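Data block below; observations after.
Taken together, the values in this text are just the output of simple stated rules run on the coordinates, not laboratory data. This one's a predicted model, so the numbers in the text were calculated from it and none came from an experiment. Here Cβ is always computed from backbone atoms with ideal geometry, including for glycine, and neighbour counts include all displayed protein chains.
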Amino acid sequence: MKHSKLPNDQALVLFTDMNGVPREGIYKKGSKAFVEAIGDEGPEDTGNIYPEEDIVSWEYLEQRDKPNSDIMVIL
């Protein structure tokens, strides 16, 4: 893994698996795994969970709590 240190628990990250596939998701410290975001917030599918040892690199993503500045909201 590029980072010897792991991300903070529940951090939004971009991680790359051993096959070189980049994925967006969160790191879950208690599970010792990275969980890929699949769009809906339903139950976790075990096919979207990647153990720490299967990840070759990761980086933090910015939180998306602000609306996109390119989008205008009309009320």
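Summing charges over all other residues whose Cβ lies under 10 Å from the Cβ of Tyr50, with Lys and Arg as +1 and Asp and Glu as -1, gives -4. Straightening the chain between Asp9 and Ala37 buys 8.6 nm, computed as 0.36 nm per residue apart minus the Cα-Cα spacing. Given R₀ = 25 Å, FRET efficiency for Val21-Tyr60 by Cβ-Cβ distance, to 0.05? After rounding, the FRET efficiency stands at 0.85.
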